[in-house]
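Colleague: Have a look at this one before I ask anything.
The values are calculated or read from the model by the stated rules, or taken from the named source; none is laboratory data. What you see is a predicted model, and the numbers here were worked out from it, not measured in a lab. Heads up, the Cβs are rebuilt from the backbone with ideal geometry, glycines too, and the neighbour counts pull from every protein chain shown. In case anyone asks, the SASA skips ligands and DNA or RNA and just uses the protein heavy atoms, side chains included. Shrake-Rupley method; radii C 1.70, N 1.55, O 1.52, S 1.80 Å.
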Amino acid sequence: MALDESWFTEPMESEGTAFSLKITRKLHEERSPFQLIEVYETTHWGRLLLLDGAVMLTQRDNFTYHEMMAHPVLFTHPNPRDVLIIGGGDCGMLREVLKHDSVQRAVQVDIDERVTRVAEQFFPELTASNDDPRAELLFDDGVAYLKNAPAGSFDVIIVDSTDPVGPAAGLFGPEFMQDAYRALRDDGLIVQQSESPILHLDSILKELYGVMRGAGFKKVVTLSYPVVGYPSGWWSATMAGKGADLTRFREEDAAAKPFETLYYNAAIHRGALAAPEFCKKLFTDQ
Ligand code: SAM
């Protein structure tokens, strides 16, 4: 069926796949100093945020991504107080992080202030926690920020970046990871959006494991979960630490969590740690 102009389509030529959403109208478009920012209204998925034509989120399904990038790492850390978010300009990740009462400081560093200003206008449910006194929003290159971060200044680092191209490429590189290792405390953890197990296992995921190990992280695990709007719909988060077993987490705290989620719970956390057979060699290469 030929798609008429009332559809948005994100093709992925290299994988012979595409993702489409039925749209009603374009609500916003601007070219920031870093990327093209667009917002569409869709028929069934709420509003849609694109950066350089790539789906970042829809109002209907962004919860799986924001919850699975925030809660597993925070419930794996024994007592997360100081959290750094690199990227995350739509502020959905910040909102999830601030649900944890142990968090005393959440610093978000996105290179593009315009993403946050557009989110404030079109996705106010995601920016609802921005006025929390624990939140600190900075607009800078995450690579530069981390280079200057004092040693041992964070318990958790969450890299909620665009794909490893353009300004985000450096966030998947060895220098960044070495700076992350230094900026984390001894029981500190980093988690990074690590693309799709079915599309990127032998490329981006394999390289990320090498970069994390090369930076000195002794333990690396990948959790997989659905993100309807991302290429293939099957996404991942790769977590790394300096020694503790990352397959163990504060299960009782997760089961008794005092805040609402739509996807994350202790059983989902445990299940997401299971490595699909074709990923086992990489994912359980502890
Ligand atoms: N969930 C999305 C994904 O997986 O593609 C990411 C969402 S978030 C909007 C991605 C953010 O990364 C953008 O706001 C972009 O400006 C930011 N970003 C890209 N490169 C960056 C860098 N070097 N430092 C800080 N933020 C960066």
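Colleague: Considering the range 103-117 alone, what residues qualify as being among the polar types (S, T, N, Q) and either within 16 Å of the ligand (Cβ to nearest atom) or touching a helix residue (DSSP H, G or I) at 6+ places or on another chain (Cβ under 8 Å) (or both)?
Modeller: Scanning the range 103-117 gives Q108, T116.
Colleague: A149: in contact with a helix residue (DSSP H, G or I) (Cβ under 8 Å, 6 or more places away or on another chain), open to solvent by less than 10 Å² (accessible area, probe 1.4 Å) and of a type in the set (G, A, S), yes or no?
Modeller: yes
Colleague: If you don't mind, there's one more thing I want to ask. Among S203, S196, which is of a type outside the set (A, V, I, L, M, F, W, C) and crowded, with 18+ Cβ neighbours inside 10 Å?
Modeller: S196
Colleague: Cβ-Cβ distance below 8 Å, separation of 6 or more or different chains: which pairs start in the range 208-230 with a residue that is over 14 Å from G188 (Cα atoms) and part of a helix (DSSP H, G or I) and end on one that is aromatic (F, W, Y) and open to solvent by 10 Å² or more (accessible area, probe 1.4 Å)?
Modeller: L208/F172; V211/F172
Colleague: While we're looking at this one, here's another question. Of all residues being among the β-branched types (V, I, T) and in a loop (DSSP other than H, G, I, E, B) in the range 240-271, which is most open to solvent (accessible area, probe 1.4 Å)? Just the residue, please.
Modeller: For the range 240-271, the residue satisfying everything is T247.
Colleague: Additional query: Which one of these does E195 not meet: (1) more than 14 Å from the chain's Cα centre (by Cα); (2) near the ligand (Cβ under 9 Å from one of its atoms)?
Modeller: Here E195 clears every test but (1).
Colleague: Looking at I23, I85, I37, which one is among the β-branched types (V, I, T) and surrounded by fewer than 21 Cβ atoms within 10 Å (Cβ to Cβ)?
Modeller: The match here is I23.
Colleague: Sort out which residues of the range 162-179 are in contact with a helix residue (DSSP H, G or I) (Cβ under 6 Å, 6 or more places away or on another chain) and open to solvent by less than 10 Å² (accessible area, probe 1.4 Å), and write them in order of number.
Modeller: F176, M177
Colleague: I would also like to ask the following. With a cut-off of at least 2 residues that are of a type in the set (A, V, I, L, M) and at pLDDT 95 or above, name the strands (runs of 3 or more DSSP E) lying wholly within the range 1-99.
Modeller: 17-31, 36-42, 47-51, 54-58, 82-87
Colleague: Could you grab me the full set of residues in the range 10-59 that are out of contact with any Lys or Arg (no Cβ under 9 Å at 6 or more places or on another chain) and of a type in the set (F, W, Y)?
Modeller: Answer for the range 10-59, where residues must be out of contact with any Lys or Arg (no Cβ under 9 Å at 6 or more places or on another chain) and of a type in the set (F, W, Y): just F19.
Colleague: State yes or no: is L21 under 26 Å from L199 (Cα atoms), more than 15 Å from the ligand (Cβ to nearest atom), out of contact with any His (no Cβ under 7 Å at 6 or more places or on another chain) and outside the structural domain of S236 (by TED's automatic domain parsing)?
Modeller: When the stated conditions are applied, L21 passes them.
Colleague: In this structure, is D160 near the ligand (Cβ under 9 Å from one of its atoms), under 21 Å from T222 (Cβ atoms) and of a type in the set (D, E)?
Modeller: Yes: the conditions hold for D160.
One line per residue, one yes/no per condition, for (1) touching a residue at least 60 places away in the same chain (Cβ under 8 Å); (2) within 11 Å of the ligand (Cβ to nearest atom); (3) in the same structural domain as A254 (by TED's automatic domain parsing); (4) not acidic (D, E):
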position: K26; (1), (2), (3), (4): no, no, no, yes
position: P33; (1), (2), (3), (4): yes, yes, no, yes
position: I37; (1), (2), (3), (4): yes, yes, no, yes
position: T42; (1), (2), (3), (4): no, no, no, yes
position: G46; (1), (2), (3), (4): no, no, no, yes
position: L50; (1), (2), (3), (4): no, yes, no, yes
position: G53; (1), (2), (3), (4): no, no, no, yes
